[in-house]
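Before any comments, here is the structure.
The values are calculated or read from the model by the stated rules, or taken from the named source; none is laboratory data. Predicted model, so just to flag it, every value in this text is computed and none were measured. A quick note on method: Cβ atoms are made from the backbone with ideal geometry, for glycine too, and the neighbour counts reach across all protein chains shown.
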Amino acid sequence: MPRSRRAARLLTSFLLLLGAGSGLFAQTTAREAVGGDDPEFARLVKEWTTRPDFSSPLVDHLPKVAGLPSPKDILGHHIGEPKKLTYYADILRYYRALAAASPRLKVLTIGKSHEGRELVVVFVGSDESISNLEQYRTYLGQLADPRTITPRQATEIIAKAKPLYHLSGGLHSGEVGPSEMLMELAYRLVAEDSPIISQIRDSVIVSITPVADPDGRDRNVDWYYKYGINETESRPIGAGVPFWGKYVFHDDNRDINYSQIEMRSLLDWYLEYHPPIMHDLHQAQTLMYTFSGQAPQNPNLDPILYGELPMMANFEMSQMTKYGMPGVWTHGFVDMWSPGYLAFMSSNHNGMIRMYEIQGFGGANTQKVRLGNPNGTGANGIGDGTPAGPGPGRAGGPPAIDAAAAVSGRSNQAQREWFRPFPATGEFDWSLRNNTNYGQTGVITALQYTSQFGRIILENFYVKSRNSIETGRKETVAGYVIPGRQRDMTRVERLVNLLRMQGIEIGRATAAVKLQEGTFPAGSFIIKRDQPYSRLAKTLLEKQVYPDPNLRTYDDASWTMGLMSHVEVKEIADKKILDVAVDPVKEKEIRLAGTVGGTGALIAVAHYGSNNMITLRYRLKDARVEATEKEFKQGNVTFPAGSFIVSGEVAKLRSAVESLGLTALALPSRPDVPAHELDLPRLAVYSLWSGGATQDVGWVRFALDTFEVPYELIYKERVKRGGLNAAYDVIVMPNQGGSGKRMVFDIESRGQPIEYKRSDTFRNLGMYGESDDITGGMGLDGVAELEKFVKAGGVLVTLGQASYFPAEFGLAPKVDAARTSPQFYSPGAIVDAEILQPAHPIFYGYDSKTIPVRYGSGPLLSIDTGANPFDPPAPGPPPTPQAVLMRYPGGDDHVLSGLMRGANEIRNRAAIIDQPSGKGRVILFAGNPCYRWQNFGEFNLLFNTVLNFNDIKPVPPKPPATDLPAR
Ligand SMILES: [Zn+2]
């Protein structure tokens, strides 16, 4: 850059410093200072930016370089043009064109999405950085594992290494702006020679996930071009696109066990490249929120991190304020509690999660934002940046994209706060280009900080990794043992694999292990805490003790993996665990083979609670399979009630049992034990059309697909058509809707049908179901068909909030479904549940009276006993009707992990009700036994229901149960 240009830039910065807010003047100066820029870009961007102060001197220009394709050269338009969004294939096409033209950019394929789209990471840096990428990757790998280097070597590596800063757009595919912006950023990082960009290019390597959910991206772009583009404030669409990814919407940012292939691919990449910073770009706040990790904070993470986060956020806030951009703020939005957000993979591994929420809409239309006046109090109905009128992905569609309603510390966006020194106010238009300007200015500023403090960031990364090893030696918890020889080893296997997937080191004890906490058999899984990811192991395995019951959290309060999986995990304080001899588990995935002993033509398969039992049943779909109704013994093997007796081709049975890790014995003759045949139901899964609902249904679909259970996904169209008994035996309504009314009426009709169908133009719509009009719900006609289905012998299973429906619409008239009080608060605590009818097939495989279950916000279920409310209450606790299969003891003593405020409200409420009706039955779950690929210990409650659908017999009466003692 010529000296005069640099001087002009410096002057610009100085003027900006003086005149924060006088953005027009500052930008004019900046533009004049730039030579070799694309004049058309500058003119159009100025036109598309709705107010001069919604831009910055960092992004109001774009260099034109011969031979380097700008986004416009490939896409045909500049980034941020109103009413223009880019499909994923074109986004990839752009990055590949730039990579072909410049040695400063490289595209790496890391996997394939559910729908087969290529997943990539794009690297951008200097020629030198990109050609030596492998060397820089090695440096970061060494810093990530301080055991591999001496402190002196660490100092040398830090002097040579470069921070890798990872940016990701489109994780929430309805938040479309950042994926557009990142293309321009990549070009700018390759092409521009300003001091800031040159310094970033030379000293930082930038990596980019262009679109984290590419399947959802294309569906959202289709929806935008079909509906959103014509939307106006007075003519809203009224619904968002029913599906984003194949299974989930925004829960791809809650996928703590990396179940979705897109998230898993990024984790695998992360563990090879170790970016010390991962930064997700969202768009759900006004005008730009930069995350700084507010309370409640996960106490396991290194305190250094809690210093680093606000440093970067404050730098961005002050720089952008200096450029005159209003509405940049930090602090009061998302906390640092749940480790399940996608970019948290970096914090979990001693790096740093970062996040923006940038003002935007679900499409590329310019829309109004209405905020209060500067002196507003926030109590006068002033919006918080909610765009005027509904839009794609909002009203009538899924709930607020980032579920902000329950978050602490939110205040009126127009109000000045210590964490929002320069708020935006009033009413203004907001465009896609504004979104680009804010996001890109913020990111360049973050990269500027990283280029200035690169060594400190690397040193912190190293020290945090080192501390994690040392903390494990010093802290009370020295490790964990997952004992071998547990009753069901398939859940042990899953838990071990989930930990290994995250890079946690695990060994198998070579001999029996004696520790203060007990003696564990050889082969037990040992997790020592003197390893780089020792903090993560503790975070995932410990009981979550909430730091302050007055604080709310943005997402789940608990996830304790042993409790969620019903796997015994022992926390160990005895420091001797660090010296236990182990064989390290080298594989990323272990497979514990099942066993088939004995000889004979029949095979008995023990039901120890493995989720693989249902897979076995479906893999042997042509075999005769019975479920035993009582325990029996054969040799020294005990087969609990629910065990399978299979006759058929023994060789095939053997290989199925072994590959699924189950325990079986071949029998010479049929044991003398009552049993019923496990015939396979014709299974349907019911879904609303609203987006938030398809995601909740999606988690159940994902579980059924993974465990190989076939089903038909049905919607209101199928229910209203009737004749349900001719097609299905069981209909499962996953947790969705939030109320009975919503289950019946779903998306409110605005008079115009909203179609979800594939066409030659919109090839991504109509996947996973089609509808001529997604509004209106099943209505009362649909309710009547479902009632007919149950009365004629069908089984209706409702999970979580879907259980309001049968109670409120008369399908289970004896069941009451109440709501918790406004004071009650339980963001997913793990609590005790007491099994009242242990002989019921739903409990096959469960061997204790009390089991840990997740409780979110399901209905408070009870049976209306028909008692006269004016009678004086009988002494003692009320009798529990036979229909109640499981209940919550309730109270603080029965909260096992996480937070439940008002735990007495669930005291003695039903957790599962089996309500016969006509020839069929309704089975209502208050909780969600199939939650986000997490509570594996509960899955069998649903799977047993499916497999034993027509074998549920009335339970003989027994004396009334009494209260569990508090403990
Ligand atoms: Zn988001």
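I need a count of the residues in segment 341-370 that are in a helix (DSSP H, G or I) and over 17 Å from the mean Cα position of the chain (by Cα). Reasoning before the result, please.
Taking segment 341-370 as the starting set, the residues that turn out to be in a helix (DSSP H, G or I) are 344-348.
Okay, now just the ones that are also over 17 Å from the mean Cα position of the chain (by Cα), so none.
Of the residues in segment 341-370, 0 are in a helix (DSSP H, G or I) and over 17 Å from the mean Cα position of the chain (by Cα).
Just wondering, is there one or more residues in segment 147-164 that are surrounded by 22 or more Cβ atoms within 10 Å (Cβ to Cβ), away from the ligand (no atom under 16 Å from the Cβ) and within 18 Å of T86 (Cα to Cα)?
No, segment 147-164 has no match at all.
Here is a check on your reading of the model: is S265 surrounded by 24 or more Cβ atoms within 10 Å (Cβ to Cβ) and either more than 16 Å from the ligand (Cβ to nearest atom) or assigned to a helix (DSSP H, G or I) (or both)?
no
Residue-by-condition table, conditions (1) more than 18 Å from R750 (Cα to Cα); (2) surrounded by 23 or more Cβ atoms within 10 Å (Cβ to Cβ); (3) more than 16 Å from the ligand (Cβ to nearest atom):
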position: T209; (1), (2), (3): yes, yes, no
position: N220; (1), (2), (3): yes, yes, no
position: Y224; (1), (2), (3): yes, yes, yes
position: N230; (1), (2), (3): no, no, yes
position: E233; (1), (2), (3): no, no, yes
position: G240; (1), (2), (3): no, yes, no
position: W244; (1), (2), (3): yes, yes, no
position: H250; (1), (2), (3): yes, yes, no
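Out of the residues in segment 165-207 that are under 30 Å from G36 (Cβ atoms) and assigned to a loop (DSSP other than H, G, I, E, B), state the one that is farthest from the ligand (Cβ to nearest atom).
D193
Filter segment 290-319 down to the residues that are assigned to a strand (DSSP E or B) and within 16 Å of the ligand (Cβ to nearest atom) and list them by number. Don't jump to the end; show me each part of the working.
Here is the first cut: in segment 290-319, the residues assigned to a strand (DSSP E or B) are 290, 294-297.
Selection gives T290 alone.
Every residue, every condition in (1) acidic (D, E); (2) in contact (Cβ under 8 Å) with a residue 12 or more places away in the chain; (3) in contact with a Ser or Thr (Cβ under 8 Å, 6 or more places away or on another chain), yes or no:
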| site | (1), (2), (3) |
| --- | --- |
| Y554 | no, yes, yes |
| S558 | no, yes, yes |
| S565 | no, yes, no |
| D574 | yes, yes, no |
| L578 | no, yes, no |
| K588 | no, yes, no |
| K621 | no, yes, no |
| T628 | no, yes, yes |
| K633 | no, no, no |
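From N944, N904, N928, grab the single residue that is assigned to a helix (DSSP H, G or I) and either surrounded by 18 or more Cβ atoms within 10 Å (Cβ to Cβ) or at pLDDT below 95 (or both).
Details: N904 fails: either surrounded by 18 or more Cβ atoms within 10 Å (Cβ to Cβ) or at pLDDT below 95 (or both); N928 fails: assigned to a helix (DSSP H, G or I).
Answer to the selection: N944.
Among the residues that make up segment 688-702, is at least one of them surrounded by fewer than 22 Cβ atoms within 10 Å (Cβ to Cβ), in contact (Cβ under 8 Å) with a residue 60 or more places away in the chain and over 30 Å from I754 (Cα atoms)?
no
Which one is farthest from the ligand (Cβ to nearest atom) among residues in segment 347-368 that are in contact with a helix residue (DSSP H, G or I) (Cβ under 7 Å, 6 or more places away or on another chain) and under 18 Å from D255 (Cβ atoms)?
Here the answer is H349.
Residue pairs, Cβ under 7 Å, 6 or more apart or interchain, first in segment 499-513 and of a type in the set (S, T, N, Q), second part of a strand (DSSP E or B). List them.
T510/V582; T510/D583
Under 7 Å between Cβ atoms, which residue pairs at least 6 apart in sequence (or on different chains) link something in segment 162-175 that is within 19 Å of Y227 (Cβ to Cβ) with a partner that is charged (D, E, K, R) and crowded, with 24+ Cβ neighbours inside 10 Å?
Pairs that qualify, where the first residue is within 19 Å of Y227 (Cβ to Cβ) and the partner is charged (D, E, K, R) and crowded, with 24+ Cβ neighbours inside 10 Å, are S173/D213; S173/R217.
Residues of segment 273-289 being within 14 Å of the ligand (Cβ to nearest atom), among the hydrophobic types (A, V, I, L, M, F, W, C) and either assigned to a loop (DSSP other than H, G, I, E, B) or within 30 Å of I158 (Cβ to Cβ) (or both), which ones?
Correct list: L281, A284.
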